[in-house]
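Before any comments, here is the structure.
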Amino acid sequence: MPDCIFCKIVKGDIPAAKVYEGSKFIAFLDISPANKGHVLIIPKEHYERLEEMPNPDGKEFGELQVKIAKAVMKATNAEGFNLLLNNGKAAGQEVMHAHMHIQPRFGTDDFHYKWTHKKYEEGEMKQFQEKIRKFI
Ligand code: AMP
Ligand code: ZN
């Protein structure tokens, strides 16, 4: 994808502060971090959304999140971290090459993840439970 900024990082056409490189994924520092030490993990292959990730790669992706999150925690002395994947424009994705954020968190930091909590009508929770179970 010629115009994709993350593909350019994969190819080495633009610089990035890489912390990990394997055959399928790389991880590097987010250039505008939520907190210092904020890392992005991306597949080397271009695809926009998590659902497009080839099946066997999901296992490696999950394992890498744990491995890199542990390293970020140690390196930053963070008290916690958020994993965040904005999947699709509606979910706030701005760079259209799938990526997982690992954001180190501190009790004193200044950002909050908030959403308004909706309510299920009577019986609706069961409907959603059944619908989702059917597709698994
Ligand atoms: P998202 O909103 O989930 O698509 O997040 C995209 C993230 O990519 C943002 O947090 C940006 O700061 C980050 N970003 C954009 N360009 C670069 C770059 N050249 N190097 C590192 N991080 C970048
Ligand atoms: Zn790309």
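Computed over segment 42-136, the P(r) curve from all C-alpha pair distances, binned at 5 Å from the origin, holds 2, 10, 15, 15, 18, 17, 13, 7, 2, 0 percent per bin. Consider a paramagnetic label point 7 Å from the Cα of Lys89 along Cα→Cβ; state which residues of segment 1-33 have an amide N under 20 Å from it. Residues 1-7 qualify, since their backbone N sits under 20 Å from the label point. Modelled spin labels at Glu63 and Ser23, positioned 7 Å past Cα toward Cβ, are 1.2 nm from each other. By the beta-carbon count within 10 Å of each Cβ, the least crowded to most crowded order of Leu64, Leu84, fewest first, is Leu84, Leu64. For segment 118-135 and segment 78-108, compute the distance between their C-alpha centroids and round to whole Å. Spelled out, the Cα-based centre of one part sits 27 Å from the other. Charged side chains reduced to their Cβ positions (Lys and Arg at +1, Asp and Glu at -1) give the chain a dipole of some 260 debye around its Cα centre. The modelled label-to-label distance between Lys126 and Ala71, using points 7 Å beyond Cα along the C-beta direction, is 4.9 nm.
This ranking places Glu45, Glu21, Glu122 by how few other beta-carbon atoms lie within 10 Å of each, fewest first, which gives Glu122, Glu21, Glu45.
Based on alpha-carbon centroids, what's the gap between segment 1-38 and segment 48-63 in Å, whole number please? Taking the Cα centre of each part, segment 1-38 and segment 48-63 sit 17 Å apart. Of the trypsin sites (Lys or Arg not before Pro) found in segment 106-136, the ones in coil according to DSSP and having at most 12 other Cβ atoms within 10 Å of their Cβ are Lys114, Lys118, Lys119.
Bear in mind these aren't lab numbers, they're just calculated from the coordinates by the rules spelled out. Quick caveat: nothing in here was measured; it's all calculated off a predicted structure. Glycine also receives a Cβ, built like all others from the backbone with ideal geometry; neighbour counts cover every protein chain displayed.
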